[in-house]
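Peer 1: Here it is: the structure, laid out below.
All of the numbers you see were taken from the coordinates with simple rules; none came from a lab. The structure presented is a predicted model; accordingly, all values stated were derived computationally and were not measured. When we count neighbours, we look across all protein chains shown, and the Cβ atoms used for this are built from the backbone with ideal geometry, even at glycine.
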Amino acid sequence: MKFTILSLIFCMSMQAGEIKGAFDIKLGSTIKPKAGTPQISLIRLKFYTFVPKKKMPGFEKYALAVTPKSKKVCAIVIIANLMNNAAAEAKKSEIATKLEKKYGTRDDAGDDLYNAIIIKKGARQIYLRVVKSQLRIYYKDTVLIQAALDEARQIERDKLNED
């Protein structure tokens with residue numbers, strides 16, 4: 001009986017999709033952001049806005065973060081402004097259900113501090129969070145985010161050593 005249940009769980013996890021990225025942008029791909037693209041800085045990561053070929057209904061802002069030196073995409077974020085937190089939470093649950101069908105079950109631990117929904121596949125995550133009636137969906141590669149932070153620290157050290 002235990003073997004059957006374990007086999008079923010294994011098969012279900014194998015059927016779930018791999019988190020590759022979003023909006024035709026793959027996490028880990030090398031991208032050189034276009035000059036003049038507006039930037040948003042967040043914890044030493046610079047997010048560059050982009051316009052996807054196919055937009056998700058209700059989402060107005062699209063941005064991606066790249067590692068400072070190697071220019072690898074480490075995160076993609078999309079943002080929808082909704083009427084209120086209740087509407088944003090409802091939309092978050094609706095989208096999370098669709099993502100769970102594609103990628104598998106969410107991380108039960110979640111993120112209690114931010115009431116986030118997290119779907120994990122190895123080092124890759126989809127993170128859904130509501131902030132002041134905004135629904136934010138992050139696609140991220142935690143290994144590449146760490147690399148981006150390490151590269152940013154190295155750039156800062158190099159600047160200090162130049163002076």
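Peer 1: Where a ≥ b ≥ c are the square roots of the eigenvalues of the C-alpha gyration tensor, would you call the range 117-159 rounded, which needs a/c under 1.5, or, failing that, prolate if a/b is larger than b/c, or oblate? Intermediate values should be presented prior to the final figure.
Peer 2: On the way: a/c = 5.72, a/b = 1.75, b/c = 3.27.
Since a/c reaches 1.5 but b/c is at least a/b, the shape of the range 117-159 is classed as oblate.
Peer 1: Could you run the Debye sum over the Cα atoms of the range 19-162, one equal point scatterer each and no solvent, and tell me log10 of I(q)/I(0) at q = 0.10, 0.11, 0.21 Å⁻¹, two decimals?
Peer 2: -0.36, -0.43, -1.39
Peer 1: Now, a different point. Count the net charge of all other residues whose Cβ sits under 12 Å from the Cβ of N85, scoring Lys and Arg as +1 and Asp and Glu as -1.
Peer 2: Working: positive: K91, K92, R129, K132; negative: E89.
That works out to +3.
Peer 1: Hey, got the dipole for the range 19-162? About the Cα centre, +1 on K and R Cβ, -1 on D and E Cβ, debye to the nearest 20?
Peer 2: 580
Peer 1: Among K54/K132; K26/K102; K26/K132; K32/K101; K32/K98; K71/K132, which pairs are too far apart, with a Cα-Cα distance over 23 Å?
Peer 2: Values: K54/K132 26 Å; K26/K102 16 Å; K26/K132 29 Å; K32/K101 33 Å; K32/K98 31 Å; K71/K132 31 Å.
Beyond 23 Å: K54/K132; K26/K132; K32/K101; K32/K98; K71/K132.
Peer 1: Would you tally the net charge around T49, using a Cβ to Cβ cut-off of less than 12 Å, leaving T49 out, and scoring K and R as +1, D and E as -1?
Peer 2: +2
Peer 1: Which residue, chosen from N85, P68, L45, occupies the Cα position most advanced towards the positive end of the dipole of the range 39-129, where the dipole is computed from +1 (Lys, Arg) and -1 (Asp, Glu) charges on Cβ about the Cα centre?
Peer 2: Checked the options; the winner is P68.
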